[in-house]
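The block underneath contains the structure these notes are about, expressed in structure tokens.
The values are calculated or read from the model by the stated rules, or taken from the named source; none is laboratory data. What you see is a predicted model, and the numbers here were worked out from it, not measured in a lab. All Cβ positions, even for glycine, are placed from backbone atoms using ideal geometry, and neighbour counts span all protein chains on display. With ligands, DNA and RNA removed, areas are computed over all heavy atoms of the protein, side chains included. Shrake-Rupley method; radii C 1.70, N 1.55, O 1.52, S 1.80 Å.
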Amino acid sequence: MIEMNSVREILRWHIDIGVDEAIGDAPVDRFSLVEASAASIKAPNPTVTRRRAESTPPPSQASEELVKAARNLAAGASDVDALRSALMGFQGCGLRKTATNLVFFEGAPSAKMMMIGGAPGAQEDRQGKPFAGPSGALLDKMLESIGVQRNNVLLSNIVFWRPPGNRTPTEKEAAICLPFIQRLIELVQPKILITLGGSASKALLGESQGVGRLRGRWFSYKSAALEIPIDATVMFSPESLFKTPNQKRASWQDLLMIREKLNV
Ligand code: URA
């Protein structure tokens, strides 16, 4: 018989690794299913197993190939719909295996402002839209405070599937998804680009200092197919504002700086 304490520990362990949602009404013992199907499979042919291991490229080479594949796919997209279709067919990012939906972007491709966050969370994963949960509601209020409606901004993230347990995307995941967000920026060519949080600033601006040091100034965002660099700035992510409300003061200053640039 399982003790109540161990049940609690098992539940806590599941939550910690990102299993925070029930997908069925009744539990299924998947270990017994695996054992049953393993018993019905013949032992593998050692020659085949060895050959496959020898031909598997090392992880860094494999990621380079995935980045190259992502770059080729993204470069071939001539508008945002084609880019979305390309991303839907892209199997190179491991995050898609655990996600429910692709979360690419929301907003008009003619938007003057793009805001790019780190990664979709649970609500975003469920709805297939970026900034759909409490972070999005806070972002809407922040935008309204400077007279900007959400539908006038294009919202996206540096990775397009929810990382399990809302963990930060790894550098490899960000690198594999980067060509798609870079192409999205090239196609939209906004007047202003805003990165929300440290992961987005690092991936898009190459800046690895903390947001507290990066915010409050303008950077120049460039990419290969972009004719004119884009004015970019860094803000705290809405999640960070929930955790550390005293950052809201700095964010208000950032919003005023953005409003001034938008009105120029
Ligand atoms: N935070 C992000 O960075 N992106 C989202 O889509 C939602 C919350």
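Pairing residues of the stretch 175-202 that are in contact (Cβ under 8 Å) with a residue 60 or more places away in the chain and on the phi > 0 side of the Ramachandran plot with residues that are of a type in the set (Phe, Trp, Tyr) and within 16 Å of the ligand (Cβ to nearest atom), at Cβ distances under 9 Å and at least 6 apart in sequence or on separate chains, gives GLY197/PHE236. Being within 18 Å of LEU138 (Cβ to Cβ), open to solvent by 50 Å² or more (accessible area, probe 1.4 Å) and of a type outside the set (A, V, I, L, M, F, W, C) is the requirement here; does ASN263 meet it? Criteria not met by ASN263. All conditions but one from (1) over 26 Å from SER223 (Cβ atoms); (2) open to solvent by 30 Å² or more (accessible area, probe 1.4 Å) apply to ALA75; the one that does not is (1).
Looking only at residues in the stretch 158-205 that are away from the ligand (no atom under 15 Å from the Cβ) and assigned to a loop (DSSP other than H, G, I, E, B), the one that is most open to solvent (accessible area, probe 1.4 Å) is GLN189. Scanning the stretch 218-235 for residues that are in contact with an Asp or Glu (Cβ under 8 Å, 6 or more places away or on another chain) and not β-branched (Val, Ile, Thr) returns TRP218, PHE219, SER220, TYR221, SER223, ALA225, LEU226, MET235.
Being in contact with a Lys or Arg (Cβ under 8 Å, 6 or more places away or on another chain) and assigned to a loop (DSSP other than H, G, I, E, B) is the requirement here; does SER223 meet it? No; evaluated as a whole, the condition is false for this residue.
Here SER208 meets each of (1) open to solvent by less than 10 Å² (accessible area, probe 1.4 Å); (2) in a loop (DSSP other than H, G, I, E, B) with one exception, condition (1).
Filter the stretch 223-249 for residues that are small (Gly, Ala, Ser) and open to solvent by less than 80 Å² (accessible area, probe 1.4 Å); which is farthest from the ligand (Cβ to nearest atom)? The qualifying residue farthest from the ligand (Cβ to nearest atom) is ALA225.
The set of residues in the stretch 111-157 being part of a loop (DSSP other than H, G, I, E, B), in contact (Cβ under 8 Å) with a residue 40 or more places away in the chain and away from the ligand (no atom under 13 Å from the Cβ) consists of ALA111, LYS112, SER145, ILE146, GLY147, VAL148.
Look at the stretch 99-110 and say how many of its residues are in a loop (DSSP other than H, G, I, E, B), more than 8 Å from the ligand (Cβ to nearest atom) and under 15 Å from the mean Cα position of the chain (by Cα). Counting residues in the stretch 99-110 that are in a loop (DSSP other than H, G, I, E, B), more than 8 Å from the ligand (Cβ to nearest atom) and under 15 Å from the mean Cα position of the chain (by Cα) gives 5.
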